[in-house]
Amino acid sequence: MNRIVRVIIAALLALALPVAALAIEIGEAKQQGLVGETDTGYIAATAASPGGDVAALVKSVNAQRRQVYQKAAEKNGVPLAEVEKLGAKKALQNTPAGQQVRVGGAWKTK
């Protein structure tokens, strides 16, 4: 189980780095409250109708996370849902105060 956690933490740290091809970076979007971590292991836009840059960022980051989660699940012989749950737990724990998180379907400021 610890190996899964290490893989997820490494993946989340890598995903926190700027996504070069996108007009907005994940760190900037989180600081501006445009996106936040969710209890699913993925990020989401905080607005019902996000702008194109935000929507593209969410799609890209989540695709990368799913790929990393899937590899970790296969490598460790566990269901994808278990890895996503661990990823969500770590991402929510590591979200700095003042940023948005969605737990149980409701957005709040951590």
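Observations
- HN-Hα J in Hz across the range 60-72 - Karplus 6.51, -1.76, 1.60, θ = phi - 60°, x for Gly and Pro: 5, 4, 5, 5, 5, 4, 4, 4, 5, 4, 4, 4, 5
- Checked against a 26 Å cut-off, the cross-linked pairs 30/75; 85/108; 75/108 give Cα-Cα distances beyond that limit for 30/75; 75/108.
- Across the range 17-110, Cα-Cα pairs farther apart than 15 Å form 59% of the total.
- Spin-label model distance (nm) - residue 81 vs residue 108, 7 Å beyond Cα toward Cβ: 2.5
- Estimated translational D of the range 64-108 in µm²/s (Stokes, Kirkwood radius over Cα pairs; 20 °C; 1.002 mPa s): 185
- Proximal aspartates and glutamates to residue 90, defined as alpha-carbon separation beneath 13 angstrom and excluding residues fewer than eight positions away on the same chain: 37, 39, 82
Every read-out reported here was derived from the displayed coordinates using simple, explicitly stated rules and does not represent laboratory data. Not measured: the values here are computed from a predicted model. Don't worry about glycine lacking a Cβ; one is built from the backbone with ideal geometry, like all the others, and counts go over all protein chains shown.
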